[in-house]
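Visitor: Sharing a structure below in structure tokens format, with a few things to ask.
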Amino acid sequence: HLASVTVRGGRMRVLTRGPIDLDLGNVADDGRVALLVGKATQLNEVAVVRLQAGSAEIRRLTRFNSGLLRELDLVRPKSVWIKATDGHPIHLWYLRPNVRRRRLPAVLEVHGGPHAQYGSGFFHEFQVLAAQGYAVFYSNPRGSKGYGRDHCAAIRGAWGTADWTDIQAVTEYIKQQPFVDPDRVGIMGGSYGGYMTNWAIGHSRAYRAAITDRCVSNLVSMGGTSDYVIEPDGYFPGNSWDRPEPRWEQSPLKYLGKAKTPTLIIHSEGDLRCNIEQSEQVFAALKLLN
């Protein structure tokens, strides 16, 4: 959202409202701002907002996607809040497809980062899954941005802890929904979302199937194969050579011996952040475990 504060300081004034996605561009001398405007059921369009006297009037300039959107049966997400077992609040959304079946298969999507966040923008993958008859759930567990410093920093150097507590709470919520078949709930995600998918199948039998995409599986080997080199005793304690224990404890690969969930592995050879060797280790382990 757009907000303003005077040069003298004071209270911040929020100028826009509602579940909307605003991607800002340049600011002109006359106070106009170029931006993209979108919603969960509306692909981004070009707009201009004029800032004056503490107000913001958004004027959309394009409607490139109107024809396409009229052809699609899009699902508007519902926003809810739940609590983890330790009382921590978790924000989540779900798409319930427009189908007549009483019980639907469901998919839990986990975002990357982990310090990223789901929000109010259009997400093609969610709508495609909903169009195929899946109920789609997605949340911002601890580690996500958007809910303050402490919520985001709760898993710093401690992946697979409070984040997993929150994911389990979301999973339980999914299975309790009357329109969901509790025996057909899957989990999927990319990057850190792939990490959490790997973690989930090594710690739980709650999921019927899983998709781990461009994943993180071994924080020890990732310390030397990612383009984002993990420095000693920085974000993660220890290092990748003579003090690997804290990182190995947080590595899903350590726990894949308990995995029983059918899993699809997706990875691109050109991924520099999460090197393909991370998925190769998952593949090898699951293959050896049959």
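Visitor: What fraction of the DSSP beta bridges in region 64-136 is antiparallel, stated in percent and rounded to the nearest 5?
Guide: That works out to approximately 80 percent antiparallel.
Visitor: Relative to 2.2 N^0.38 Å, what does the C-alpha radius of gyration of region 26-75 come to as a ratio? Two decimals please.
Guide: So the Cα radius of gyration is 1.38 times the expected 2.2 N^0.38 Å.
Visitor: Continuing with this model, one more query. May I ask for the Rg/Rh ratio of region 1-139, computed from Cα atoms with Rh as the Kirkwood radius, given to two decimals?
Guide: For region 1-139, the value is 1.04.
Visitor: Oh, and also: I need the fraction of alpha carbon pairs in region 40-101 separated by more than 20 Å, rounded to a whole percent.
Guide: That fraction is 58 percent.
Visitor: Over its Cα atoms, what ratio of radius of gyration to 2.2 N^0.38 Å does region 139-223 give?
Guide: Scaled against compact globular proteins, the figure is 1.13.
Visitor: While we're here: Ordered by packing density, taken as the mean number of other Cβ atoms within 10 Å over each peptide's residues, highest first, how do 188-198, 77-87 rank?
Guide: Ranking, from highest mean packing down: 188-198, 77-87.
Visitor: May I pose another question? Mind listing the phi-derived Karplus ³J(HN,Hα) values for region 247-261, rounded to whole Hz, using 6.51, -1.76 and 1.60 with θ = phi - 60°, and x for any glycine or proline?
Guide: 6, 5, 4, 9, 8, x, 4, 4, 10, 6, x, 9, 6, 10, 8
Visitor: Where the accessible area of the chain is counted over protein heavy atoms with a 1.4 Å probe, how much of it, in %, is carbon and sulfur?
Guide: 51 percent
Visitor: Shifting gears a bit: Using +1 at the C-beta of Lys and Arg and -1 at the C-beta of Asp and Glu, which of 117, 216, 226 has the Cα lying farthest in the positive direction of the dipole of the chain?
Guide: 117
Visitor: With +1 on each Lys and Arg Cβ and -1 on each Asp and Glu Cβ, and nothing else charged, work out how big the dipole of the chain is about its Cα centre, in Debye to the nearest 20.
Guide: Computed about the Cα centre, the dipole is about 1300 debye.
Visitor: Per 10 Å bin, what is the whole-percent P(r) computed from every C-alpha pair distance within region 225-283?
Guide: 19, 45, 32, 5
Visitor: Would you calculate the convex hull of the Cα atoms in region 73-139 and tell me its volume per residue in Å³?
Guide: Each residue corresponds to 103 Å³ of Cα convex hull volume.
Visitor: So, one more: At a 10 angstrom cut-off on C-beta neighbours, averaged per residue, how do the peptides 201-211, 136-146 rank from highest to lowest?
Guide: Packing proxy ranking, top to bottom: 136-146, 201-211.
Visitor: What is the ratio of the Cα radius of gyration of region 179-290 to 2.2 N^0.38 Å, where N is its residue count, to two decimals?
Guide: Region 179-290 yields a ratio of 1.08.
Visitor: Please get the size of the charge dipole for region 1-67, origin at its Cα centre, with Cβ charges of +1 on Lys and Arg and -1 on Asp and Glu, quoted in debye to the nearest 20.
Guide: So the magnitude is around 260 debye.
Visitor: Tell me the per residue accessible area of the chain using a 1.4 Å probe; a whole number in Å² is fine.
Guide: With all protein chains present, the chain gives 54 Å² per residue.
Visitor: Return the distance in nm (one decimal) between the two label points of a simple spin-label model at residue 115 and residue 69, each offset 7 Å from Cα along Cα→Cβ.
Guide: 3.3 nm
Visitor: Less than 14 Å Cβ to Cβ from residue 205, Lys/Arg counted +1 and Asp/Glu -1: what total charge do the surrounding residues give?
Guide: +3
Visitor: At 37 °C and a viscosity of 0.692 mPa s, what translational diffusion coefficient does Stokes-Einstein give for region 100-195, taking Rh as the Kirkwood radius over Cα pairs? Give it in µm²/s as a whole number.
Guide: D, rounded to a whole number, is 235 µm²/s.
Visitor: First select every other residue whose beta carbon is under 12 angstrom from the beta carbon of residue 3; then total the charges, Lys and Arg +1, Asp and Glu -1.
Guide: +3
Visitor: Sort the following peptides by mean Cβ neighbour count (other Cβ atoms within 10 Å, averaged over residues), highest first: 105-117, 228-240.
Guide: Packing proxy ranking, top to bottom: 105-117, 228-240.
Visitor: By the scheme Lys and Arg +1, Asp and Glu -1, what is the net charge of all other residues having a beta-carbon under 15 Å from that of residue 275?
Guide: Here the charged neighbours net out to -4.
Visitor: Let me ask something else about it. Could you list log10 I(q)/I(0) for the chain at q = 0.11, 0.12, 0.14, 0.17 Å⁻¹, which the Debye formula gives when each Cα is one point scatterer?
Guide: Here log10 of I(q) over I(0) equals -0.76, -0.88, -1.11, -1.36.
Visitor: Would you mind telling me the antiparallel percentage of the DSSP bridges in the chain, rounded to 5?
Guide: If I count the DSSP bridges inside the chain, around 60 percent turn out antiparallel.
The values are calculated or read from the model by the stated rules, or taken from the named source; none is laboratory data. Please read all numbers here as calculations on a predicted model, not as lab measurements. Reconstructed Cβ throughout: ideal geometry from the backbone, glycine too, with neighbour counts over all protein chains shown. Remember, those area values only see protein heavy atoms, side chains included, never the ligands or the DNA or RNA. Shrake-Rupley method; radii C 1.70, N 1.55, O 1.52, S 1.80 Å.
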